Amino acid sequence: MHTKKRKILFLGETYRADAITWIKGLQEFGDFEILTWELKSPSTGFVNRLSRILEYCGAVFNIKKLINAKQPDMVIAERTTSYGFLAALSGVKPFAIAQQGITDLWPENSLLFPVKKMIQNYAFRKATLIHAWGTVMTFSMKKAHVDMNKVLVLPKGVDINIFKNEAQKTENIHAIVTRSLLAEYRHSTILKAFGILHEKGIDFKLTIVGSGQQLAALKELAKRLHIADQVNFTGRIPNDKLPELLHQANLYISMPITEGVSASLFEAMAADCYPIVTDVLGNQSWITHRENGQLIAVDDKEMLARELIWAFENKEYREQVIIKNRKFVEEKANYAINMKIIADRYHELITNYKVN
């Protein structure tokens, strides 16, 4: 038992589902007190982005002020190119940083790319522990000559008790999409594929969870495709409402142009939703085409429509996959097991730094 409650300062956006899981897991399985700090300026629009950059420039001063007042035992941060760099400058040891995608150096055509690369290399060098939520994230780390002894390859996992599905699934197609409504998640491709299903006279329901810049345009597209009555845009929902929506659906669809390790995919697999996702590196780590889901070429609405029909017609196969995927999540992406490992590692790091 730890006599005094240890404190961790989390640097990152606390509203994100990933961050909520990370924080909650450390409180639950490590008995940590969690302090948080995040940038307040939104990242949408030119003026906001400019404000955010200016805020970022003064961030170290504000973080150090918080550290002096609260004396955390450790700092953790998401994204190696932003909050991870701030963690490296914070002066607190030990500190852990987490890469969020297959690389955080994104987009590659960004004017800030060389700066991001320098910042990331510095954060990698200084970090005590680096999180790769899956093997797919280690490729770019190796390319950046990261000391792989510092890397912990383990997903945070999902709470299999919350996502355990005992509801009776519908016989018709009821698909769900749970990614933010941003252009890179290609919701428009999904809607167009369902437009093809509509033209073929196939009945369906489509639930699109979340909010984002694309909402108005996507609602308009659904109208143009004459499927607005079959598409439910829920907007942003509280995290605890998501399991219920997943339980009602039988297919999970995610069409991003790039992917790291998707907690949304694990949640869907735990909730007995059959996964249909893009054929990109991050998804290939978990899904093999027509073995435990389906892989779709990026932006290929015709292929998505075809594969949706194939999945719907092969009910027996789908049911076997659902059982297999649930077992996989229980064994490899179980939040209770994985977050206990992560919390124990943090305690060990803090103890080592106190001794030394």
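The values are calculated or read from the model by the stated rules, or taken from the named source; none is laboratory data. On a predicted model such as this, the values are computed, not experimentally measured, just so you know. Heads up, the Cβs are rebuilt from the backbone with ideal geometry, glycines too, and the neighbour counts pull from every protein chain shown. The protein model used for the area step is the full one, side chains on, heavy atoms only, and it has no ligands, DNA or RNA in it. Shrake-Rupley method; radii C 1.70, N 1.55, O 1.52, S 1.80 Å.
Points to keep in mind about this one:
- Applying the set (1) more than 23 Å from the chain's Cα centre (by Cα); (2) within 25 Å of Asp147 (Cα to Cα) to Glu78 leaves exactly one unmet item: (1).
- Just so you know, in the range 289-318 the residues that are in a helix (DSSP H, G or I) and of a type in the set (Lys, Arg) include one that is farthest from the chain's Cα centre (by Cα), and it is Lys315.
- Number of the condition not met by Val177 [criteria: (1) open to solvent by less than 30 Å² (accessible area, probe 1.4 Å); (2) among the aliphatic types (A, V, I, L, M); (3) over 22 Å from Ala228 (Cα atoms)]: (3)
- Options Lys70, Lys93, Lys65, Lys40: the member that is touching a Phe, Trp or Tyr at 6+ places or on another chain (Cβ under 8 Å) and charged (D, E, K, R): Lys93
- Which numbered condition Glu307 misses (of (1) touching a residue at least 40 places away in the same chain (Cβ under 8 Å); (2) open to solvent by less than 60 Å² (accessible area, probe 1.4 Å); (3) of a type in the set (Asp, Glu)): (1)
Every residue, every condition in (1) open to solvent by 70 Å² or more (accessible area, probe 1.4 Å); (2) at pLDDT 90 or above, yes or no:
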| site | (1), (2) |
| --- | --- |
| Arg49 | yes, no |
| Ile53 | yes, no |
| Phe61 | yes, yes |
| Lys70 | yes, yes |
| Thr81 | no, yes |
| Pro94 | no, yes |
| Trp106 | yes, no |
| Phe113 | no, no |
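- Whichever residue in the range 139-166 is exposed (fewer than 14 other Cβ atoms within 10 Å of the Cβ) and hydrophobic (A, V, I, L, M, F, W, C) and, among such residues, is nearest to Asn314 (Cα to Cα): Phe139
Rundown of residues vs (1) aliphatic (A, V, I, L, M); (2) in contact (Cβ under 8 Å) with a residue 60 or more places away in the chain; (3) part of a helix (DSSP H, G or I), yes/no style:
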residue	(1), (2), (3)
Ile102	yes, yes, no
Glu108	no, no, no
Pro114	no, no, yes
Gln120	no, no, yes
Val136	yes, yes, yes
Ser140	no, no, yes
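- Condition met for Leu182 (surrounded by fewer than 18 Cβ atoms within 10 Å (Cβ to Cβ) and within 21 Å of Ala297 (Cβ to Cβ)): yes
- Within the range 185-234, restricting attention to residues that are under 22 Å from Gln248 (Cβ atoms) and in contact with a Gly (Cβ under 7 Å, 6 or more places away or on another chain), the residue that is most open to solvent (accessible area, probe 1.4 Å) is Ser211.
- Any hit, the range 273-281, residues being open to solvent by 30 Å² or more (accessible area, probe 1.4 Å), over 17 Å from Thr170 (Cα atoms) and either free of Cβ contacts under 8 Å to residues at least 24 places away in the same chain or in contact with a Pro (Cβ under 6 Å, 6 or more places away or on another chain) (or both): yes
- Meets criteria (touching a strand residue (DSSP E or B) at 6+ places or on another chain (Cβ under 7 Å) and over 29 Å from Lys24 (Cα atoms)) for Phe312: yes
- Looking only at the range 120-138, and only at residues there that are open to solvent by 30 Å² or more (accessible area, probe 1.4 Å) and in contact with a helix residue (DSSP H, G or I) (Cβ under 7 Å, 6 or more places away or on another chain), the one that is farthest from Ile23 (Cα to Cα): Tyr122
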